[in-house]
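The values are calculated or read from the model by the stated rules, or taken from the named source; none is laboratory data. Since the structure is predicted, the reported quantities are computational estimates derived from the model, not experimental observations. Backbone-built Cβ (ideal geometry, glycine too); neighbour counts: all protein chains shown.
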């Protein structure tokens, strides 16, 4: 593990950024809480340097969108909490024309284009599942850009709430620094964000709703605003409205699954939510699958959980997609985690990457992953995934 090599790559990226001196930068980011924190850190840091920033929130790195974003020349594109898993595609689409900086913690793919700076700390020996979040990676870049951005350290900690092992590795270093500077305070086992008067976990849970449930109703932009300014009464009202909508959809879907049960193959158990989450972002299916992994009366402990949902063809602030897509999220029960750790079963992200090869866009981690694929290829993905698990 080497922060020295990471710092050198960051310095090179910053040097090229300053040399280009763009008037406006495109910031592409994910829609979950870590993605919103990542976007807030990058946006604030760049605007403090006088750059204009335009944001685009993506649920997935759709190949057709990536191709469109990189067809021009002379632009600067940032990716926050998204991009590393598709750095090879981004590299191919970019062709050396645009400065592209990726700040992410998902399993990376190699980029051949020298103008693609994939600053993912996994490239330097750290683990995105435990040591750092996407927001932590963004924060370290922001601090290198200007030391005064140390006041944004709380956002790295909020984004890192998605990591189940707690604040270890680089996240622990950020926590110690933020505590020393008075940005956050420890209150028992909670971490209080001083200027907002709420805990990192509270802000994290609210951002999860803003970014995913409110994806088609300006939720991501409200989330970035909440990251930097706190939760206003208006935003609080939207959160309550959207959370009630998601709970009702979850309740109906859970009832249906208890009646119908999940479909099963040898090592897979899966369901199709259809349009149960119509009007919401597709991230909600992953959250539901995580909840489902603890429902011992409903799921088998030794099988992957796959949940499918129909995706809207519209991408806010971008336009309409050419394909009809579905999303599949994979989660693993506790018993499966042990098999994955022992090398007796493929990690969730590896399973989806291989099962969707040639037609899907997959990324994620060992225990949680997702993929976007053309709707007619759903059965093919299930068959491929089952074949990949044979003998494990």
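At-a-glance table
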{"read-out": "Residue in the stretch 309-330 that is farther than 27 Å from residue 217 by Cα, outside the structural domain of residue 57 (by TED's automatic domain parsing) and in a strand (DSSP E or B) present", "value": "no"}
{"read-out": "Selection from the stretch 88-109 of residues that are more than 16 Å from residue 128 (Cα to Cα) and within 21 Å of the chain's Cα centre (by Cα)", "value": "88, 89, 90, 91, 100, 101"}
{"read-out": "Subset of the stretch 275-290 [over 17 Å from residue 204 (Cα atoms) and surrounded by fewer than 23 Cβ atoms within 10 Å (Cβ to Cβ)]", "value": "275, 276, 278, 279"}
{"read-out": "Of the criteria (1) in a helix (DSSP H, G or I); (2) modelled with pLDDT of 95 or more; (3) buried (at least 19 other Cβ atoms within 10 Å of the Cβ), which one residue 212 fails", "value": "(2)"}
{"read-out": "Members of the stretch 350-385 that are part of a helix (DSSP H, G or I), buried (at least 23 other Cβ atoms within 10 Å of the Cβ) and under 17 Å from the mean Cα position of the chain (by Cα)", "value": "352"}
{"read-out": "Subset tally (residues that are under 17 Å from residue 118 (Cβ atoms) and either surrounded by 13 or more Cβ atoms within 10 Å (Cβ to Cβ) or touching a helix residue (DSSP H, G or I) at 6+ places or on another chain (Cβ under 6 Å) (or both)) for the stretch 13-24", "value": "4"}
{"read-out": "Inter-residue pairs, beta-carbon under 8 Å, first over 14 Å from residue 80 (Cβ atoms) and in the stretch 36-53, second assigned to a helix (DSSP H, G or I), 6+ apart", "value": "48/148; 48/149; 49/145"}
{"read-out": "Only listed residue being assigned to a helix (DSSP H, G or I) and either in contact with a strand residue (DSSP E or B) (Cβ under 6 Å, 6 or more places away or on another chain) or within 23 Å of residue 370 (Cβ to Cβ) (or both), chosen from 250, 302", "value": "250"}
{"read-out": "Residue within the stretch 268-278 that is under 24 Å from residue 342 (Cβ atoms), outside any strand (DSSP E or B) and in contact (Cβ under 8 Å) with a residue 60 or more places away in the chain present", "value": "no"}
{"read-out": "The stretch 183-204, residues that are crowded, with 16+ Cβ neighbours inside 10 Å, part of a helix (DSSP H, G or I) and in contact with a strand residue (DSSP E or B) (Cβ under 9 Å, 6 or more places away or on another chain)", "value": "200, 202, 203"}
{"read-out": "Output for the stretch 29-74, where each listed residue is part of a loop (DSSP other than H, G, I, E, B) and more than 17 Å from residue 104 (Cβ to Cβ)", "value": "49, 50, 51, 71, 72, 73, 74"}
